[in-house]
Structures are given as C-alpha cells and as structure tokens.
Amino acid sequence: MEQPGVAASAVAGYQSAVPARHACAYTSCYCEENVWKLCEYLRSHDQYPLEEFYAVFISNERRMIPLWKQQSGCGDEPVIWDYHVILLHVASGDQNFIYDLDTVLPFPCPFDTYIEEAFKSDDILLPGFRRKIRLIRADLYLKTFASDRSHMKDASGHWQKPPPSYPCIETAVKMLVR
C-alpha cells in the first residue's frame, strides 16, 4: 500500500536503518512498542549511531490528533489518534527520515515528505486538533520506556485491540523493584 515513487529520489542513496516494513515487529495500535522494537533493532545492529534516532510522541491536551496517509484511514481523510509515536532519524546527510509503521507513505520516508503528507499544515486545523510533539533520544527511550498495556483495556478488563505476542516491555529499574 506504499506509494512507490513518492520522494523516491530523496530516498536514493540512503540505506534504511531497519528491515523492510513487512519484516519489522509490528502490532496495530501499539505504536509506542513498535518504535521501541525499532530502537532495539538499531541498538543491536549498530549500522548508524543510536544517538541519531529519536522516538517522537505526537499528541495534545484533548488526545485528538489528526494524521493523514495512515493505513487505517479512508481515502484522503485523516485518522484521529489519541497519540502516535514515530521514529526520527536525524541523518548525517542533508535529509532526515521518518519511520512510521502505520503510514502508507514510504518506509523510511523523507522528513519533509512525511510532514507535508501526514501532518499537513496546522493552518487547516481547528485549534483543538493542533499537535504537540516530544522527542526522546532512542537510547533514553530504550532505558526508560515501559508499558503494562493497561491503557489498552476497557473498563471490564478486555483488550480494546489484541496486544503484541511478546511480553510487556519493562525497564531494568522496574525489574529490580519486583
């Protein structure tokens, strides 16, 4: 479902830091864990310095952020997420890249293309839908991110979306406290 040819010239010469999209660890609606798994891959393969990568959290006070070009979208309509997490590679060359396992855009996608196509302009958004962004260095994300996945259960304790098949991600600190 990727759009071949979109920004292909900007990707030429850039070697992806992770496997092809279909070969990455992925669970729909668990973007923060998907990005953690990408960071884990980066750390173990040492192709690029881990310091060049950032987990990018996108949300706002209302927990309603629009993103276009998402696999779960319909046509040119945005998907409204409560939050979304993507991976940013601040490459040593002229172009930076976004890794988003939920987009129909190229994987990786040139930064400028991703912002233009998936974010669009804040000028077209009502103020309550404007996005706020937080960047976390990949090495710090690997050390500090943990999730018991409780935010994905409804009031009855049932999964809203099936969880990943691997165990919950825990930090070394949390494992020592047990």
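The values are calculated or read from the model by the stated rules, or taken from the named source; none is laboratory data. Given the structure is predicted, the values throughout are model-derived calculations rather than measurements. A quick note on method: Cβ atoms are made from the backbone with ideal geometry, for glycine too, and the neighbour counts reach across all protein chains shown. Only protein heavy atoms, including side chains, enter the accessible area calculation; ligands, DNA and RNA are left aside. Shrake-Rupley method; radii C 1.70, N 1.55, O 1.52, S 1.80 Å.
How many Å³ per residue does the convex hull of the Cα positions in the range 38-115 occupy?
Working: hull volume 7.8 nm³, N = 78.
Given the Cα convex hull of the range 38-115, per-residue volume reads 100 Å³.
Do the alpha carbons of any pairs in Lys37/Lys161; Lys69/Lys143; Lys69/Lys153; Lys132/Lys161 sit beyond 22 Å of each other, and which pairs?
Working: Lys37/Lys161 18 Å; Lys69/Lys143 31 Å; Lys69/Lys153 27 Å; Lys132/Lys161 25 Å.
Beyond 22 Å: Lys69/Lys143; Lys69/Lys153; Lys132/Lys161.
Carbon and sulfur: what percent of the range 67-172's accessible surface (1.4 Å probe)? Walk me through the numbers before you get to the answer.
Details: 2900 of 5620 Å².
Its accessible area is 52 percent carbon and sulfur atoms.
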For the chain, dividing by residue count, accessible area per residue (probe 1.4 Å) in Å² works out to 55 Å²
Place a point 7 Å from Cα of Asp154 in the direction of its Cβ. Which residues in the range 19-39 have their backbone N less than 20 Å from it?
28-30
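Can you pull a Stokes-Einstein diffusion coefficient for the range 1-142 at 10 °C (1.306 mPa s), Rh from Kirkwood over Cα pairs, as a whole number of µm²/s? The partial results should precede the final answer.
Values: Rh = 15.4 Å.
Estimated via Stokes-Einstein, D reaches 103 µm²/s.
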Using helices alone, I'd like the mean residue ellipticity at 222 nm for the chain: each DSSP H run of four-plus residues gives -39500 (n - 2.57), total over residue count, nearest 500.
-5000 deg cm²/dmol
Vicinal HN-Hα couplings computed from phi for the range 55-67 (Karplus, 6.51 cos²θ - 1.76 cosθ + 1.60; Hz; Gly/Pro x)
7, 10, 8, 10, 6, 6, 4, 7, 6, 9, 10, x, 9
